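The values are calculated or read from the model by the stated rules, or taken from the named source; none is laboratory data. Please read these numbers as outputs of a predicted model, since none were measured by experiment. Heads up, the Cβs are rebuilt from the backbone with ideal geometry, glycines too, and the neighbour counts pull from every protein chain shown.
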Amino acid sequence: MYNYHDHSGVIHVHSTYSDGAKSVPYLINAANRAGCDYLILTDHDTMAAYKMEGQYKNTLFLVGEEITVKQEKGHYLGLNLKKTIPPVYGPQETIEQVNQQGGIGFMAHPDVRKGKLAPVTWADWTVEGFTGIEIWNYHHDWLENIKLKDLFSGLLKPDTFIEGPIPQTVQKWDELLTRKKVVGIGSVDAHDYFMSYQKMFKTIRNHILVPESLTYHPAGFLKNKKLIYQALQKGNCYLSYHYLANAGGFMFSAQNHHQEVIMGEELSLHKGVVVAVSSPRPCQLRIVKNQQCIARKNNTRSLIKKIEQPGAYRAEAYLRLNNYHERPWVFTNPIYITAN
Ligand SMILES: [Zn+2]
Ligand SMILES: [Zn+2]
(Lines give C-alpha, C1' and ligand atoms only; values in the text may rest on other atoms or scores of the structure.)
(Ligands and ions follow the chains in the order given, each with its own letter.)
Protein backbone atom coordinates (compact mmCIF):
# COMPACT_ATOMS: atom_id res chain seq x y z
CA MET A 1 0.00 0.00 0.00
CA TYR A 2 2.50 2.67 1.10
CA ASN A 3 6.14 2.70 0.30
CA TYR A 4 7.29 5.12 2.95
CA HIS A 5 10.14 4.74 5.36
CA ASP A 6 9.81 6.30 8.81
CA HIS A 7 12.96 7.88 10.28
CA SER A 8 13.05 10.01 13.40
CA GLY A 9 15.37 12.74 14.58
CA VAL A 10 15.59 15.98 16.53
CA ILE A 11 15.33 19.59 15.44
CA HIS A 12 16.41 22.79 17.23
CA VAL A 13 19.58 22.17 19.22
CA HIS A 14 22.22 24.59 20.57
CA SER A 15 25.95 23.96 20.91
CA THR A 16 28.83 26.03 22.31
CA TYR A 17 28.73 28.04 19.06
CA SER A 18 25.86 29.85 20.84
CA ASP A 19 24.38 29.24 24.31
CA GLY A 20 24.54 25.43 24.43
CA ALA A 21 26.70 23.77 27.09
CA LYS A 22 28.61 21.28 24.93
CA SER A 23 30.53 21.10 21.65
CA VAL A 24 29.29 19.76 18.32
CA PRO A 25 31.23 16.42 18.49
CA TYR A 26 29.72 15.83 21.95
CA LEU A 27 26.23 16.50 20.56
CA ILE A 28 26.70 14.16 17.64
CA ASN A 29 27.84 11.42 19.98
CA ALA A 30 24.77 12.00 22.18
CA ALA A 31 22.51 11.77 19.11
CA ASN A 32 24.18 8.50 18.09
CA ARG A 33 23.56 7.08 21.55
CA ALA A 34 19.98 8.31 21.64
CA GLY A 35 19.34 6.57 18.29
CA CYS A 36 18.53 9.70 16.28
CA ASP A 37 18.53 9.16 12.51
CA TYR A 38 19.23 12.87 12.13
CA LEU A 39 20.09 15.91 14.23
CA ILE A 40 19.54 19.49 13.08
CA LEU A 41 21.65 22.03 14.95
CA THR A 42 20.27 25.59 15.09
CA ASP A 43 22.62 27.86 17.02
CA HIS A 44 21.60 31.49 17.58
CA ASP A 45 22.57 33.65 14.62
CA THR A 46 25.42 31.49 13.38
CA MET A 47 26.06 28.64 10.94
CA ALA A 48 29.59 28.18 12.29
CA ALA A 49 29.18 24.40 12.39
CA TYR A 50 28.09 24.16 8.73
CA LYS A 51 31.43 22.71 7.61
CA MET A 52 30.89 19.78 9.99
CA GLU A 53 27.70 18.57 8.30
CA GLY A 54 27.89 14.90 7.40
CA GLN A 55 26.95 11.33 8.16
CA TYR A 56 28.26 10.22 11.57
CA LYS A 57 27.54 6.52 12.13
CA ASN A 58 23.74 6.25 12.13
CA THR A 59 23.10 9.96 12.57
CA LEU A 60 22.94 12.53 9.81
CA PHE A 61 24.19 15.84 11.18
CA LEU A 62 22.72 18.99 9.59
CA VAL A 63 23.20 22.64 10.44
CA GLY A 64 20.58 25.38 10.35
CA GLU A 65 20.29 28.62 12.30
CA GLU A 66 17.93 30.11 14.89
CA ILE A 67 17.72 33.62 13.49
CA THR A 68 16.85 36.44 15.87
CA VAL A 69 14.35 38.78 14.28
CA LYS A 70 15.26 42.46 14.71
CA GLN A 71 14.13 43.95 18.07
CA GLU A 72 13.48 40.43 19.44
CA LYS A 73 10.24 40.18 17.45
CA GLY A 74 10.69 36.44 17.11
CA HIS A 75 13.05 33.54 16.60
CA TYR A 76 12.97 31.87 13.21
CA LEU A 77 14.52 28.47 12.46
CA GLY A 78 16.19 28.67 9.05
CA LEU A 79 17.02 25.21 7.68
CA ASN A 80 18.81 24.07 4.52
CA LEU A 81 20.76 27.34 4.42
CA LYS A 82 24.21 27.86 2.92
CA LYS A 83 25.34 30.85 4.94
CA THR A 84 24.53 32.75 8.14
CA ILE A 85 21.69 35.26 8.09
CA PRO A 86 22.49 38.13 10.48
CA PRO A 87 19.94 39.18 13.15
CA VAL A 88 19.21 42.51 11.49
CA TYR A 89 15.98 41.84 9.60
CA GLY A 90 12.30 42.29 10.45
CA PRO A 91 9.93 39.28 10.49
CA GLN A 92 9.02 39.27 6.78
CA GLU A 93 12.56 40.09 5.66
CA THR A 94 13.98 37.25 7.76
CA ILE A 95 11.60 34.79 6.08
CA GLU A 96 12.59 36.15 2.67
CA GLN A 97 16.30 35.87 3.43
CA VAL A 98 15.77 32.16 4.17
CA ASN A 99 13.69 31.63 1.03
CA GLN A 100 16.29 33.41 -1.13
CA GLN A 101 18.83 30.78 -0.13
CA GLY A 102 16.39 28.01 -1.07
CA GLY A 103 15.88 27.25 2.61
CA ILE A 104 12.82 26.41 4.68
CA GLY A 105 11.77 28.06 7.93
CA PHE A 106 9.74 27.64 11.09
CA MET A 107 8.68 30.12 13.76
CA ALA A 108 10.26 28.91 17.00
CA HIS A 109 8.25 28.90 20.28
CA PRO A 110 5.66 31.30 18.75
CA ASP A 111 3.61 31.64 21.96
CA VAL A 112 3.95 31.49 25.69
CA ARG A 113 1.50 30.00 28.22
CA LYS A 114 -0.94 32.53 29.62
CA GLY A 115 0.38 34.37 32.66
CA LYS A 116 3.94 33.09 32.22
CA LEU A 117 7.05 35.11 31.65
CA ALA A 118 7.43 35.83 27.96
CA PRO A 119 10.94 35.31 26.62
CA VAL A 120 10.57 35.72 22.85
CA THR A 121 7.34 35.08 20.96
CA TRP A 122 6.42 35.65 17.32
CA ALA A 123 5.09 39.19 16.97
CA ASP A 124 3.85 39.51 13.38
CA TRP A 125 1.27 37.08 12.00
CA THR A 126 0.68 39.01 8.77
CA VAL A 127 3.87 37.49 7.31
CA GLU A 128 3.87 35.21 4.27
CA GLY A 129 6.19 32.61 2.83
CA PHE A 130 7.16 30.65 5.95
CA THR A 131 7.14 26.84 5.89
CA GLY A 132 5.65 26.23 9.30
CA ILE A 133 5.69 26.64 13.05
CA GLU A 134 6.91 24.80 16.12
CA ILE A 135 3.86 23.21 17.69
CA TRP A 136 5.66 21.88 20.74
CA ASN A 137 8.95 23.17 22.20
CA TYR A 138 10.16 20.86 24.97
CA HIS A 139 12.61 23.31 26.57
CA HIS A 140 9.96 26.03 26.85
CA ASP A 141 7.29 23.57 28.00
CA TRP A 142 9.48 22.64 30.97
CA LEU A 143 10.65 26.21 31.67
CA GLU A 144 7.12 27.57 31.74
CA ASN A 145 5.82 24.87 34.05
CA ILE A 146 8.60 24.79 36.61
CA LYS A 147 8.48 26.85 39.79
CA LEU A 148 11.49 27.61 41.93
CA LYS A 149 10.18 25.41 44.77
CA ASP A 150 9.94 22.46 42.34
CA LEU A 151 13.38 22.88 40.88
CA PHE A 152 14.83 19.78 42.52
CA SER A 153 12.04 17.42 41.40
CA GLY A 154 11.99 19.23 38.06
CA LEU A 155 15.59 18.25 37.47
CA LEU A 156 15.08 14.74 38.80
CA LYS A 157 11.83 14.03 36.93
CA PRO A 158 11.57 16.60 34.14
CA ASP A 159 8.71 14.75 32.46
CA THR A 160 6.41 15.58 35.41
CA PHE A 161 6.54 19.20 34.26
CA ILE A 162 5.80 18.51 30.62
CA GLU A 163 2.31 19.40 29.53
CA GLY A 164 2.17 19.37 25.73
CA PRO A 165 1.71 21.94 22.98
CA ILE A 166 0.40 25.34 24.08
CA PRO A 167 -3.33 25.35 23.14
CA GLN A 168 -3.00 28.85 21.69
CA THR A 169 -0.33 27.63 19.24
CA VAL A 170 -2.40 24.66 18.08
CA GLN A 171 -5.36 27.01 17.65
CA LYS A 172 -3.23 29.38 15.57
CA TRP A 173 -2.03 26.46 13.46
CA ASP A 174 -5.62 25.43 12.71
CA GLU A 175 -6.57 29.01 11.87
CA LEU A 176 -3.65 29.33 9.46
CA LEU A 177 -4.54 25.97 7.91
CA THR A 178 -7.92 27.34 6.81
CA ARG A 179 -5.99 29.65 4.44
CA LYS A 180 -2.68 27.98 3.59
CA LYS A 181 -0.35 25.04 4.04
CA VAL A 182 1.59 25.23 7.30
CA VAL A 183 3.90 22.46 8.49
CA GLY A 184 3.90 21.69 12.21
CA ILE A 185 7.10 20.46 13.86
CA GLY A 186 8.18 19.65 17.40
CA SER A 187 11.48 20.71 18.86
CA VAL A 188 13.74 19.93 21.77
CA ASP A 189 15.50 23.34 21.89
CA ALA A 190 18.25 21.49 23.75
CA HIS A 191 20.96 23.43 25.61
CA ASP A 192 21.96 20.80 28.18
CA TYR A 193 20.72 23.06 31.00
CA PHE A 194 18.20 20.94 32.90
CA MET A 195 18.57 17.68 31.04
CA SER A 196 21.48 16.05 29.23
CA TYR A 197 21.50 16.20 25.44
CA GLN A 198 21.23 12.43 25.23
CA LYS A 199 18.06 12.35 27.37
CA MET A 200 16.64 15.36 25.59
CA PHE A 201 17.13 13.65 22.22
CA LYS A 202 14.68 10.98 23.38
CA THR A 203 11.89 13.45 24.07
CA ILE A 204 10.36 15.30 21.11
CA ARG A 205 11.06 13.62 17.78
CA ASN A 206 10.09 14.51 14.24
CA HIS A 207 9.37 11.44 12.15
CA ILE A 208 9.88 11.95 8.45
CA LEU A 209 8.19 9.74 5.88
CA VAL A 210 10.45 9.29 2.87
CA PRO A 211 10.03 7.27 -0.33
CA GLU A 212 13.37 5.54 0.12
CA SER A 213 15.27 4.54 3.22
CA LEU A 214 18.10 6.78 4.45
CA THR A 215 21.47 5.16 3.94
CA TYR A 216 24.01 5.18 6.73
CA HIS A 217 26.98 5.43 4.42
CA PRO A 218 28.93 8.74 4.19
CA ALA A 219 28.48 8.71 0.40
CA GLY A 220 24.71 8.94 0.89
CA PHE A 221 24.93 12.22 2.80
CA LEU A 222 23.62 14.64 0.16
CA LYS A 223 20.80 12.32 -0.86
CA ASN A 224 19.75 11.81 2.78
CA LYS A 225 19.89 15.57 3.41
CA LYS A 226 17.61 16.21 0.44
CA LEU A 227 15.13 13.54 1.54
CA ILE A 228 14.92 14.98 5.08
CA TYR A 229 14.41 18.58 3.99
CA GLN A 230 11.88 17.61 1.32
CA ALA A 231 9.80 15.73 3.89
CA LEU A 232 9.95 18.66 6.32
CA GLN A 233 9.06 21.14 3.60
CA LYS A 234 6.06 19.17 2.37
CA GLY A 235 4.84 18.12 5.80
CA ASN A 236 5.40 14.42 5.15
CA CYS A 237 6.19 14.24 8.85
CA TYR A 238 4.71 14.02 12.32
CA LEU A 239 5.97 14.92 15.76
CA SER A 240 5.88 12.59 18.73
CA TYR A 241 6.63 12.58 22.43
CA HIS A 242 9.12 9.75 22.07
CA TYR A 243 9.69 9.61 25.83
CA LEU A 244 6.25 7.98 26.29
CA ALA A 245 6.74 5.42 23.52
CA ASN A 246 8.31 5.13 20.09
CA ALA A 247 5.64 6.16 17.57
CA GLY A 248 7.54 4.72 14.58
CA GLY A 249 5.07 3.31 12.05
CA PHE A 250 2.30 5.80 12.86
CA MET A 251 0.35 6.76 9.73
CA PHE A 252 -2.29 9.25 8.63
CA SER A 253 -3.52 8.75 5.07
CA ALA A 254 -6.48 9.46 2.81
CA GLN A 255 -7.93 7.93 -0.30
CA ASN A 256 -10.51 8.65 -2.97
CA HIS A 257 -11.43 6.45 -5.94
CA HIS A 258 -8.20 7.23 -7.75
CA GLN A 259 -5.47 7.84 -5.30
CA GLU A 260 -4.04 7.39 -1.84
CA VAL A 261 -1.99 10.12 -0.11
CA ILE A 262 -0.25 10.69 3.22
CA MET A 263 0.10 13.64 5.62
CA GLY A 264 1.37 16.80 3.96
CA GLU A 265 -0.31 16.03 0.64
CA GLU A 266 -3.44 17.10 -1.21
CA LEU A 267 -6.38 15.01 -2.37
CA SER A 268 -9.50 15.95 -4.29
CA LEU A 269 -12.85 15.28 -2.65
CA HIS A 270 -14.13 13.80 -5.91
CA LYS A 271 -16.87 11.27 -5.04
CA GLY A 272 -15.83 10.99 -1.42
CA VAL A 273 -12.69 10.60 0.61
CA VAL A 274 -11.87 8.35 3.53
CA VAL A 275 -9.12 9.32 5.98
CA ALA A 276 -7.43 6.72 8.17
CA VAL A 277 -5.14 6.90 11.19
CA SER A 278 -3.14 3.92 12.36
CA SER A 279 -0.94 3.58 15.41
CA PRO A 280 1.72 1.02 16.36
CA ARG A 281 0.09 0.69 19.82
CA PRO A 282 -3.36 1.22 21.35
CA CYS A 283 -4.04 4.85 22.22
CA GLN A 284 -6.73 7.50 21.92
CA LEU A 285 -6.90 8.65 18.30
CA ARG A 286 -8.49 11.85 17.08
CA ILE A 287 -9.09 13.46 13.70
CA VAL A 288 -9.18 17.24 13.85
CA LYS A 289 -10.34 19.88 11.39
CA ASN A 290 -10.20 23.59 12.21
CA GLN A 291 -10.16 23.13 16.02
CA GLN A 292 -12.99 20.59 15.89
CA CYS A 293 -12.43 16.98 16.82
CA ILE A 294 -14.54 15.23 14.16
CA ALA A 295 -13.73 11.65 15.20
CA ARG A 296 -12.36 10.08 18.36
CA LYS A 297 -11.81 6.54 19.57
CA ASN A 298 -10.24 5.25 22.78
CA ASN A 299 -7.84 2.37 23.23
CA THR A 300 -7.51 1.68 19.54
CA ARG A 301 -4.89 1.24 16.83
CA SER A 302 -7.00 2.62 14.01
CA LEU A 303 -9.61 5.24 13.22
CA ILE A 304 -11.36 5.76 9.90
CA LYS A 305 -13.62 8.64 8.87
CA LYS A 306 -15.53 9.47 5.71
CA ILE A 307 -14.92 13.08 4.66
CA GLU A 308 -17.51 15.17 2.85
CA GLN A 309 -16.11 18.70 3.17
CA PRO A 310 -12.89 20.20 1.83
CA GLY A 311 -10.34 21.42 4.39
CA ALA A 312 -7.16 20.55 6.26
CA TYR A 313 -7.52 17.38 8.35
CA ARG A 314 -4.90 16.23 10.83
CA ALA A 315 -4.56 13.46 13.42
CA GLU A 316 -3.61 13.44 17.08
CA ALA A 317 -2.85 10.58 19.46
CA TYR A 318 -2.96 10.50 23.26
CA LEU A 319 -1.37 7.82 25.35
CA ARG A 320 -2.23 6.63 28.82
CA LEU A 321 0.59 4.86 30.64
CA ASN A 322 0.90 3.52 34.19
CA ASN A 323 -2.43 4.90 35.41
CA TYR A 324 -1.36 8.35 34.35
CA HIS A 325 -3.92 10.54 32.58
CA GLU A 326 -4.05 10.61 28.78
CA ARG A 327 -1.06 12.55 27.48
CA PRO A 328 -0.25 14.15 24.10
CA TRP A 329 1.81 11.70 22.06
CA VAL A 330 1.54 12.29 18.31
CA PHE A 331 0.56 15.25 16.11
CA THR A 332 0.56 14.59 12.38
CA ASN A 333 0.67 17.14 9.61
CA PRO A 334 -2.57 17.70 7.74
CA ILE A 335 -3.93 16.21 4.58
CA TYR A 336 -5.43 18.96 2.44
CA ILE A 337 -8.76 17.87 0.93
CA THR A 338 -9.67 20.08 -2.01
CA ALA A 339 -13.14 20.62 -3.50
CA ASN A 340 -12.46 19.03 -6.88
ZN1 LIG B 1 14.55 30.70 20.71
ZN1 LIG C 1 16.57 27.81 20.69
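Tabulated values for the structure
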quantity: Selection count, region 129-149, where residues are farther than 20 Å from Asp189 by Cα and either touching a helix residue (DSSP H, G or I) at 6+ places or on another chain (Cβ under 7 Å) or surrounded by 18 or more Cβ atoms within 10 Å (Cβ to Cβ) (or both); calculated: 1
quantity: Selection from region 40-72 of residues that are at pLDDT below 95, of a type in the set (D, E, K, R) and within 16 Å of ligand 1 (Cβ to nearest atom); calculated: Glu72
quantity: Given (1) within 16 Å of ligand 2 (Cβ to nearest atom); (2) of a type outside the set (Asp, Glu); (3) over 21 Å from Phe61 (Cα atoms), index of the condition Leu151 fails; calculated: (1)
quantity: Verdict on Glu96 being closer than 22 Å to Ile133 by Cα, without any contact (Cβ under 8 Å) to a residue 40 or more places away in the chain and of a type in the set (D, E, K, R); calculated: yes
quantity: Residue count, region 231-246 (criterion: under 16 Å from the mean Cα position of the chain (by Cα), part of a loop (DSSP other than H, G, I, E, B) and not small (Gly, Ala, Ser)); calculated: 4
quantity: Ile166 within 15 Å of ligand 1 (Cβ to nearest atom), surrounded by 17 or more Cβ atoms within 10 Å (Cβ to Cβ) and within 30 Å of Gln101 (Cα to Cα); calculated: no
quantity: Residue check for Tyr193: surrounded by fewer than 19 Cβ atoms within 10 Å (Cβ to Cβ) and within 16 Å of ligand 2 (Cβ to nearest atom); calculated: yes
quantity: Search result, residues across region 183-226 that are among the hydrophobic types (A, V, I, L, M, F, W, C) and within 16 Å of ligand 1 (Cβ to nearest atom); calculated: Ile185, Val188, Ala190, Phe194, Met200, Ile204
quantity: Region 37-71, residues that are away from ligand 2 (no atom under 16 Å from the Cβ) and in a strand (DSSP E or B); calculated: Tyr38, Gly54, Gln55, Tyr56, Thr59, Leu60, Phe61
quantity: Qualifying positions in region 195-230 - in contact (Cβ under 8 Å) with a residue 24 or more places away in the chain, under 14 Å from Tyr38 (Cβ atoms), among the aliphatic types (A, V, I, L, M) and in a helix (DSSP H, G or I); calculated: Ile228
quantity: Residue pairs meeting the criteria (Cβ under 9 Å; at least 6 apart or on separate chains; first outside the structural domain of Thr203 (by TED's automatic domain parsing) and modelled with pLDDT of 85 or more, in region 145-159; second aliphatic (A, V, I, L, M) and loosely packed, with under 11 Cβ neighbours inside 10 Å); calculated: none
quantity: Count - residues of region 102-123 that are exposed (fewer than 14 other Cβ atoms within 10 Å of the Cβ) and not basic (Lys, Arg); calculated: 5
quantity: Strands (runs of 3 or more DSSP E) enclosed by region 283-340 - at least 2 residues per element that are over 22 Å from Leu267 (Cα atoms); calculated: 292-307, 311-319, 327-332
quantity: Candidates Gly90, Gly78 - the one that is crowded, with 16+ Cβ neighbours inside 10 Å, away from ligand 2 (no atom under 16 Å from the Cβ) and at pLDDT 95 or above; calculated: Gly90
quantity: Filter result (crowded, with 19+ Cβ neighbours inside 10 Å, small (Gly, Ala, Ser) and over 16 Å from Val273 (Cβ atoms)) within region 285-321; calculated: Ala317
quantity: Residue ID - farthest from Ile135 (Cα to Cα), chosen from residues in region 99-121 that are within 16 Å of ligand 2 (Cβ to nearest atom) and not in a loop (DSSP other than H, G, I, E, B); calculated: Gly105
quantity: Candidates Ser213, Ser187, filtered to the one that is of a type in the set (S, T, N, Q), away from ligand 2 (no atom under 16 Å from the Cβ), over 20 Å from Ile287 (Cα atoms) and in the same structural domain as Phe106 (by TED's automatic domain parsing); calculated: Ser213
